[in-house]
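Taken together, the values in this text are just the output of simple stated rules run on the coordinates, not laboratory data. Fair warning: this is a prediction, and the values are worked out from it, not measured in the lab. Using ideal geometry, Cβ is built from the backbone for each residue, glycine included, and neighbour counts are taken over all protein chains shown.
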Amino acid sequence: MKILFATSEAAPFIKTGGLADVAGSLPQALAAEGHEVKVILPLYEGIDEDWRAKMTFLKYFNVTLAWRQVYCGIFEAEYQGVTFWFVDNEYYFKRWQLYGHFDDCERFAYFSRAVVETPGQLGWSPDIIHCNDWQTALVPVYLLEEKYRIPELAGAKTVYTIHNIEYQGRYGDQVLQDVIGLDRSYFNEGMLAYHRDVNLMKGAIMASNFVTTVSPTYAQELRTPFYAHGLDGVINQQSSKLEGILNGIDTELYDPAAMTGLAANYTLKNIAKGKAACKAALQQAVGLQEDPNVPLIACVSRLVGHKGFSMVTDAIHEIMGLGTKGVQMVVLGTGDWQYEEAFRNAQNQYPGRFAAQLTYSAPLSNMIYAGADIFLMPSVSEPCGLSQMIAMRFGTIPVVRETGGLKDSVTPYNKYEGTGRGFTFSNISAGDMVWVLREAVDLYNDDKKAWKGLQKEGMAADFSWKNSAQQYVSIYERILG
C-alpha cells in the first residue's frame, strides 16, 4: 500500500506538540509493516541546518491558490525507512513560530494545495492520503475535484485524524473564495459552513472517507457538546465513519534501560536501585531535599485549564500535607500566568519540598519520568496523552482523570486483586483528585510489594506503535475495498 501522511509538523525535524510525535512514529510503524510511506510537511525556518544538509532538492512548480500562482519547491530526506517531503516557500514558512500568524488560513490552504499537487508532479500514486488536524483539513475537500484532474490521485482515499478538536481552523466566510479558492457552493451547501463562518475541520470530517481520533474514549466523548467544541452534531451525523485508535509512544526512545542522560539506567529487575539514583539526581537538579523515602509527585505539561491545573492549584496545600511524612512535588512546563504564579508561590511556601520549573526542557522531563514516584495528570480533556504512557514505561505510577486516552491506557489499581497500572478518578473535582492521590501515597508508604506490582504492570504494557499501525492498516484496507 502507498500512504502519503500529511502533517504540519513531524519529529525529529520540527515539533510543538504530540502531533509531531505521531507523525514521526506512526509512519515508521506503517513502513515496518511493509508499506511504502511518505510524509509531507512544510519546510519551516526552525528546521535545523543539520537536517537541511541531508535534504535533496527534487523540483519546483507553481501551486494555484485562488487567484494566485505560488512557488512550491519540494525537498526530500530519508529517515528511519520513511521518505519525508518538505514543501518550500519562504513567504509562508520562513517564520520561527509554526502557528499563530495572521495569515495562517492562507498558509495552510497553500500547504494543502501543495499536498494535492505534489504526487502528480513527482509521478507517485498514493492509495491513502492521511491528513491530520485543521492545518491539512482542506486536503480532503480539494481532492473532491482535483482527483479527477490529476491521474495519480484517481484511486486515492482520504483518512482524517482529529488530534484535538479544540483547534478547528475557523475563519470568516470572506476567506472562502479569495484565500481558500473554493466556490461559494461549499459554504451554501453546508460542507464548510459553521455559524456563518468557515470551519476547515468540519469540511474534512464531511469530505474524507474515514475519520479517526487518537483514543477510543475520545471518539465517544466527541459525540457530546462538552468535549466537541460545537462539532458534536457533525460528529454524530458522520459517526458511521469515526473510530478511535490509541496512540503509541517510541519505546526505543523512552527506554529506561538505554536512555542517555539518566543518573542510572534500569529495568524491572533493578528498578529499586535505578529509580533511587534517578530520584536523588532529580531532587538535586530541581532543589528538593534529598530524601529517598518521601513520595515525589510530578507534573510535566502545558499549564492550561483543560489540563486540570485549576484542581491542582485549588488543592496544593492538601496535596503537600498527604502522607505521614508529607510529599515532594515538581512541576515542569509553561502556560497561563495564574498557574505559573500559583506554583511560584508554592515553591516559596514549601522550600525544599516544591519545585516549579516554569520552562520546557526535554532532558529535565526525562529526569522527571525516571526519578518521580507518582505522575499526576488530572486533565479535564485529554484526547490521548503520551506522558502517562512514558511515565509507566519508567516505572512511575500515574494518577489520572478518566478521560480520553488516560482512561484507555491507565487501568485503575484494584487492591483486592492486586491488578492495575495506576490510580484514576472520574469527576472534575479537586477533592476526588486528592482522594486518589492519598491512596497512591499511602500505598507507596505502606506496601512496597503492591507498589512494585503496579510498576511491573506499567513497564510491561505494550505502548508501541505496532498495534496502532495495524489498526490503521485495517481502516485503509476497509476503505480501499
Dipole magnitude of the chain, debye to nearest 20 (Cβ charges: Lys/Arg +1, Asp/Glu -1, about Cα centre): 700
Listed highest first by mean packing, meaning other Cβ atoms within 10 Å per residue, what order do 216-228, 261-273 come in? 216-228, 261-273
Check which residues have an amide H placed less than 5 Å from Gly335's amide H, if you skip close sequence neighbours. Leu303
Is the shape of the range 268-461 best called rounded, prolate or oblate, per the rule: a/c under 1.5 gives rounded, else a/b larger than b/c gives prolate, else oblate, with a ≥ b ≥ c the square roots of the Cα gyration tensor eigenvalues? rounded
By a straight-distance test (C-alpha under 17 Å), which lysines pair with Lys147 as possible cross-link partners, with residues fewer than eight away in the same chain excluded? Lys2, Lys157
Using helices alone, what [θ] at 222 nm do you get for the chain, with -39,500 (n - 2.57) per DSSP H run of 4 or more residues, divided over all residues and rounded to the nearest 500? -11000 deg cm²/dmol
Specify the angular offset, from 0 to 90 degrees and rounded to the nearest 10, of the alpha carbon long axis of helix 271-286 from the longest principal axis of the alpha carbons in the chain. 80
Which percent, to the nearest 5, of DSSP beta bridges fully inside the range 1-132 are antiparallel? 55
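Decide, for the chain, between rounded, prolate and oblate: order the square roots of the alpha carbon gyration tensor eigenvalues as a ≥ b ≥ c, take rounded if a/c falls under 1.5, and otherwise choose prolate if a/b is larger than b/c, else oblate.
Values: a/c = 1.96, a/b = 1.81, b/c = 1.09.
Judged from the Cα gyration tensor, the chain comes out prolate (a/c at least 1.5, a/b above b/c).
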Count the DSSP beta bridges whose two residues both fall in the range 288-423, then state the antiparallel fraction as a percent rounded to the nearest 5. 5
Mind checking the range 401-447 for chymotrypsin sites (Phe, Trp or Tyr not before Pro) that DSSP puts in a loop (not H, G, I, E or B) and that have at most 10 other Cβ atoms within 10 Å? Tyr416
In the chain, what percentage of the DSSP-assigned beta bridges are antiparallel, given to the nearest 5? 35
Residue exposure sequence - His229, His130 - by fewest surrounding Cβ within 10 Å: His229, His130
Cleavage-rule hits, trypsin sites (Lys or Arg not before Pro), the range 30-76, DSSP coil, Cβ neighbours within 10 Å at most 15: Lys54
Positive-end residue, the chain charge dipole about Cα centroid, Cβ charges, pick of Pro363, Gly308, Thr424: Thr424
When Lys449, Lys202, Lys407, Lys466 are ranked with the fewest other C-beta atoms within 10 Å first, the list becomes Lys449, Lys466, Lys407, Lys202
Would you work out if the range 135-241 is rounded, prolate or oblate? Take a ≥ b ≥ c from the square roots of the eigenvalues of the alpha-carbon gyration tensor; rounded if a/c is under 1.5, else prolate when a/b is larger than b/c, oblate otherwise. oblate
Amide H neighbours of Thr419 under 5 Å, at least 5 residues apart or on other chains, H built in the peptide plane: list them. Asn414
Fewest-first ranking of His35, His101, using other Cβ atoms within 10 Å as the exposure measure: His101, His35
Dipole size in debye (nearest 20) for the range 178-288 around its Cα centre, Lys and Arg Cβ +1, Asp and Glu Cβ -1? 560
